[in-house]
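Beneath this line is the structure, given in structure tokens, with notes to follow.
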Amino acid sequence: MPELEVGDWFGKATVDAGTTVLTEPFVHDFVRANIWHLKGRDADLLVDTGMGIRPLAPEVDTPPGKPLIVVATHIHLDHVGSLHEFPLRMGPKVSAAKFDGMDDTVTYAYMFYNLDGAVSKLPAPDWKAADYRIPSAPLTRALDEGDVVDLGDRKFRVLHLPGHSPDSIALFDEIDGLFFAGDAIYDGM
Ligand SMILES: [Zn+2]
């Protein structure tokens, strides 16, 4: 992983000219997901959206007018927290109906309310983990096994990989082998 530049809330690292990774270094590492921003010719792609504790959209640089396709790999809190901030919202067909409600028991958000050391730095002076909620983010497209997310010059095949969660999907670029697995595959923690 390239060096993380830590800002006020998000950390950001440039992987290559077309790839940036963001993360939330001040949240507990159980819920610290990678947020990938990939540049395409006709559209950019954001894979997962973090906790939604602070706004993510201002951190994602896309040229004015260029569509930003946002894919949630599954409906866990650390992947869908900021999904509502974006207009093009894609996620697994298996859990598609649940993105309207973002029920705490579906996202596991309730586990964060009493998590010891939920954050190592307060995102706002009066912030409390117990007040954490994930806004509704109805999907604009449900993704199923074999579907393609097309950025013009890059295409990602959708793989349904139940295991970590019943709805987990991954994105696979069959040309260059780039694979976004969400939580379906871990390298240690
Ligand atoms: Zn997960």
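Given a 1.4 angstrom probe, what's the average accessible area per residue across the chain, in square angstrom?
Accessible area per residue: 49 Å².
Contour minus end-to-end for residue 61 and residue 120, with contour as 0.36 nm per residue of separation and end-to-end as the Cα-Cα distance?
18.6 nm
What's the longest piece of the chain with no exposed GluC sites (Glu not before Pro), counting a site as exposed if DSSP puts it in a loop and it has at most 15 other beta carbons within 10 Å?
No qualifying site falls inside 4-144, the longest such stretch.
In region 13-54, what percent of the accessible surface is made up of carbon and sulfur (1.4 Å probe, ligands and nucleic acids excluded)?
Heavy-atom surface of region 13-54 belonging to carbon and sulfur, 1.4 Å probe: 47 percent.
Can you report the principal axis dimensions of region 45-189 using only the alpha carbons, biggest first, rounded to whole angstrom?
Cα spread of region 45-189 along its principal axes, largest to smallest: 46, 38, 31 Å.
Any idea what the relative contact order of region 5-180 is, in percent, if you count C-alpha pairs under 8 Å spaced at least 6 apart?
Computed over region 5-180, the figure is 18 percent.
Which of 164, 79, 37 moves most in a GNM of the chain, Cα contacts under 10 Å?
164
Per the 1.4 Å probe, what fraction of the accessible area of region 72-161, in percent, lies on carbon and sulfur atoms?
Here it works out to 54 percent.
Need one word for region 1-55: rounded, prolate or oblate. Basis is the Cα gyration tensor (sqrt eigenvalues a ≥ b ≥ c); a/c below 1.5 gives rounded, then a/b vs b/c decides.
prolate
Report Rg(Cα)/(2.2 N^0.38 Å) for region 97-165, keeping two decimals.
Ratio of Rg to 2.2 N^0.38 Å for region 97-165: 1.53.
Given springs between every Cα pair under 10 Å in a Gaussian network model of the chain, which of 171, 115, 22 has the largest fluctuation?
115
In whole angstrom, note down how far apart the Cα centers of region 104-143 and region 9-29 are.
First find each Cα centre; the distance between them is then 19 Å.
The values are calculated or read from the model by the stated rules, or taken from the named source; none is laboratory data. All values reported here derive from a predicted model rather than from experimental measurement. Cβ coordinates were reconstructed from backbone atoms using ideal geometry, including for glycine residues, and neighbour counts include every protein chain displayed. These area figures cover heavy atoms from the full protein model, side chains too; ligands, DNA and RNA do not enter into them. Shrake-Rupley method; radii C 1.70, N 1.55, O 1.52, S 1.80 Å.
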